[in-house]
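Shown next, in structure tokens, is the structure this report addresses.
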Amino acid sequence: MSDAAIPPFFQAELRPHRSLGRRGYFIVIGLVAVVNLSAGAAFWLAGAWPVFGFAGLEVLLLWLAFRYSYAQGRAREYVTLADDSLIVRRISARGQETAISLQPYWVRVECAGEDEGHALTLWSHGRAIRIGVFLSPEERLRLADALQDALWRWRQPPGSGLREVETA
């Protein structure tokens, strides 16, 4: 059996959550544009024409903020525990990719306390790698538990029945 056919012990795709879908985005932008430009037109008719420009500027700034937020939503992190390594692969919002490979036997998973928002850090040989920064604290706790469990199973001797790959 080739190495490519061996399923990983653990795999997770981490991505920022965006609660407003495409349809909701168009509704919000449309409503804000209608309200602001209507109010701006009313001020224009009353002789306060500069207000119309600021109303349009508000709509433009909101559109730019949403555009930036959705662009940041394209970022991804992939955490894969394979037969011989734990790989953290990051893809930035701009598409730049970096990969960090760790020896799983030495990896320690740490999920800091509530005062730090349950920051999830992987430690290996004095090196700290923070993952899931854009996840909620509860999601980071669940990821830490799942990764610790996968690492525990990976460290069990082959043939013990405890090192089996879980399938969901």
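The values are calculated or read from the model by the stated rules, or taken from the named source; none is laboratory data. Given the structure is predicted, the values throughout are model-derived calculations rather than measurements. For neighbour counting, all protein chains shown are included, and Cβ atoms are generated from backbone atoms with ideal geometry for every residue, glycine included.
Quick look at the values:
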| quantity | calculated |
| --- | --- |
| Selection count where residues are surrounded by 15 or more Cβ atoms within 10 Å (Cβ to Cβ) and farther than 30 Å from Leu37 by Cα, scope the stretch 57-84 | 8 |
| Every pair of residues 6+ apart whose Cβ atoms lie under 6 Å, when the first sits in the stretch 94-111 and is at positive phi while the second is modelled with pLDDT of 95 or more and in a strand (DSSP E or B) | none |
| Any hit, the stretch 99-108, residues being charged (D, E, K, R), under 20 Å from Ala119 (Cα atoms), surrounded by 14 or more Cβ atoms within 10 Å (Cβ to Cβ) and assigned by TED's automatic domain parsing to the domain that holds Ala119 | no |
| Test for Ala75: is it modelled with pLDDT of 90 or more and more than 28 Å from the chain's Cα centre (by Cα) | no |
| Criterion: closer than 21 Å to His17 by Cβ and not in a loop (DSSP other than H, G, I, E, B) - qualifying residue of Leu135, Leu143, Leu122 | Leu143 |
| Residue that is surrounded by 12 or more Cβ atoms within 10 Å (Cβ to Cβ), in contact (Cβ under 8 Å) with a residue 24 or more places away in the chain and out of contact with any Asp or Glu (no Cβ under 6 Å at 6 or more places or on another chain), where the choices are Arg140, Arg130 | Arg140 |
| Residues of the stretch 79-93 satisfying the condition of being free of Cβ contacts under 8 Å to residues at least 40 places away in the same chain and outside any strand (DSSP E or B) | Asp84, Ser85, Ser92, Ala93 |
